[in-house]
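Chemist: Below is the structure I would like to discuss, written out as structure tokens.
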Amino acid sequence: MTRNFILMLTAQGLLALLSYILNLILTRYLPMEEYGQLRYVISITSILIFLTNPGLSSAVFKCVVEGYHRFVARAYRLTLKYSLWGSLILFLLSLYFFGWKKDPQTAWLTALGAVFFPAMFLDRWIMVYLAKGLFARARTLETAVKLASIVLAGCAAFFTGKVITVMICMFLAHLVLNPLFAARSLKLLEPTEEDSARDRKYVSYSTRLTLYTLLPNMAKHLDKILIASFLDFKALSLYYIATIVPLYFQSGLKSGINVPVQNWVSQGKTEALKKFSRNQWIVLGLSVLTSAALYIAMPLIISLFGNAYQDSAQFAQILCLSFIVYPYTTLFFMMLTFLGEERFTGLALNVHSLAKTLLFLLALPYYGITGIVCTQVLMDFAWFGVAIVRLRKLEARWFKEAVPACPAPAELEKQAGPGDSSRLPDTGLSSEDYTET
């Protein structure tokens, strides 16, 4: 487990560093508006991921663990089938940008997204390797795909300075490597007989998971689309650069606490809750220090992107305030999910995402980017309040369940038998004392 944990952190750290370098290159060699157009189209593509039924990834893992390997090939086919809807929507959007918006460059970028969309999300093969216990190979191949995408996009920006070339190179690695690795993953599986009932069960399971995560996944990218729609692509460029460092820290945090949380949960829900309660103040203290350090360092970090992006520093500093509570809430809700409280977590997350989206729509027209970043911080602290209330309720319920009830005196007398006080609790009282009481 330690080796896998170190491997995971190393891969995440390497990808975060390379992604940061890629964005440095893109902001240096692409005009500000074109960089915003690129992020706009990628955000639209990411929102449409729900059409591919992302819950199929968990269904693939589940079916491999349960020995019904036949469903994996069907999951790949379903992903391609569903993704065609995403391609159709992106193609229609490209016509909209051509004809109505008179924006040919965004139209071409959207059309390229339509072409590459099916291959972008054909990454269910990762779950096959994980379910087979091939953790190192899964992370190595996943890192290879992302690394190839980052390197190709960086080279395209450096040598051509054309956003369309960058878009093609960014998605080319997914188009080539994802189908190849998906085909290789099928060789790890044993042939099983077809079972229509089990197929329907896994499809239903994946659909439920997709619906649970629909609003949260959309809310992750909707802010960027709203900024480009209400303001312009330059404003989106400023906003995206402001979010880069916080997003990398959030991603690294989730990867870093995944294994420790699983260790806590393996000891039972009551023990896991006790460990969280004992360590919550340490988590908050470290979070405050991290938030303060990022707040101070953010102007220097943003300055590396060039003078055109200096206004991003103030937005990034506001977002750093979320780190006061973000590690706490991430740790708590991840623990709840592992403990079987995913129904509450899913419902709360959907309500939180819906409220955040509505506040985005209210704040953006009046306060611009400042309204968006302040709304995010406000909602993160509201999420922290939900965690505190839920923690208190679970402590009251689970700790009460963990304490064995004391049998009534009459029941103790009946179990012990007449005149036998050896089986009664050692309280200094005899059986007669219990009876009188």
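Readers should treat all values here as calculations from the given coordinates under stated rules, not as data from a laboratory. Since the model is a prediction, treat every value here as computed from it, not as a measurement. With ideal geometry, Cβ positions are generated from the backbone for all residues, glycine too; neighbour counts draw on all protein chains shown.
Chemist: Could you work out how much longer the chain between residue 65 and residue 10 gets when fully extended? Use 0.36 nm per residue separation minus the Cα distance between them, nm to one decimal.
Modeler: 17.2 nm
Chemist: Where is the GNM fluctuation largest for the chain (alpha-carbon springs, 10 angstrom cutoff): 331, 180, 364?
Modeler: Among 331, 180, 364, the largest GNM mean-square fluctuation belongs to 180.
Chemist: Now for a different question. How large is the helix-only mean residue ellipticity at 222 nm for the chain, computed as the sum of -39500 (n - 2.57) over DSSP H runs with n ≥ 4, divided by its residue count, in deg cm²/dmol to the nearest 500?
Modeler: Value at 222 nm, helices only, nearest 500: -28000 deg cm²/dmol.
Chemist: Apply the Debye scattering formula to the chain, with a single equal point scatterer on each alpha-carbon and no solvent, then give log10 I(q)/I(0) at q = 0.06, 0.09, 0.11 Å⁻¹.
Modeler: For the chain, the Cα-only Debye profile gives -0.33, -0.66, -0.95.
Chemist: Nearest 0.05, what FRET efficiency do residue 135 and residue 301 give at R0 = 45 Å with Cβ-Cβ as r?
Modeler: 0.90
Chemist: With a 10 Å cut-off between alpha carbons and a GNM built on the chain, which of 237, 196, 303 moves the most?
Modeler: Judging by the Gaussian network model, the answer is 196.
Chemist: Then there is this: Gain in length, residue 289 to residue 388, computed as 0.36 nm per residue apart minus the alpha-carbon separation, to one decimal in nm?
Modeler: Result: 33.6 nm gained on full extension.
Chemist: Sticking with this structure for a sec: Can you tell me how segment 1-212 classifies by the Cα gyration tensor, rounded, prolate or oblate, using a/c under 1.5 as the rounded cut?
Modeler: Here segment 1-212 falls in the oblate category.
Chemist: Using 7 Å Cα-to-Cβ label points, what is the residue 207/residue 278 separation (nm, one decimal)?
Modeler: About 4.6 nm, to one decimal.
Chemist: Among 72-82, 277-287, how do they line up from the highest to the lowest mean number of other beta-carbon atoms within 10 Å?
Modeler: 72-82, 277-287
Chemist: Placing +1 on the Cβ of each Lys and Arg and -1 on the Cβ of each Asp and Glu in the chain, which of 366, 151, 386 has its Cα farthest towards the positive end of the resulting dipole?
Modeler: Of the candidates, 151 comes out farthest on the positive side.
Chemist: Report the local net charge at residue 83: Lys and Arg +1, Asp and Glu -1, summed over other residues whose C-beta lies under 15 Å from its C-beta.
Modeler: Neighbour charge sum, excluding residue 83 itself: +3.
Chemist: Does segment 320-383 come out rounded, prolate or oblate, given a ≥ b ≥ c as the square roots of the eigenvalues of its C-alpha gyration tensor, rounded meaning a/c under 1.5 and, failing that, prolate meaning a/b above b/c?
Modeler: oblate
Chemist: Can you give the net charge of the other residues whose Cβ lies under 12 Å from the Cβ of residue 240, counting K and R as +1 and D and E as -1?
Modeler: +2
Chemist: PRE reach from residue 197 (point 7 Å along Cα→Cβ): which of segment 53-90 fall under 16 Å by backbone N?
Modeler: Of the residues in segment 53-90, 68 have backbone N under 16 Å from the label point off residue 197.
Chemist: Right, another one. Within segment 1-153, count lysine pairs with alpha carbon atoms under 26 angstrom apart where the residues are 8 or more positions apart or belong to different chains.
Modeler: The number of close lysine pairs in segment 1-153 is 6.
Chemist: Got a sec? How would 332, 276 order by Cβ neighbour count within 10 Å, fewest to most?
Modeler: Starting with the residue having the fewest Cβ neighbours, the order is 276, 332.
Chemist: Sticking with this structure for a sec: Give the order of 83, 322 when sorted by the count of other beta carbons within 10 angstrom, beginning with the fewest.
Modeler: Placing the least packed residue first, the sequence is 83, 322.
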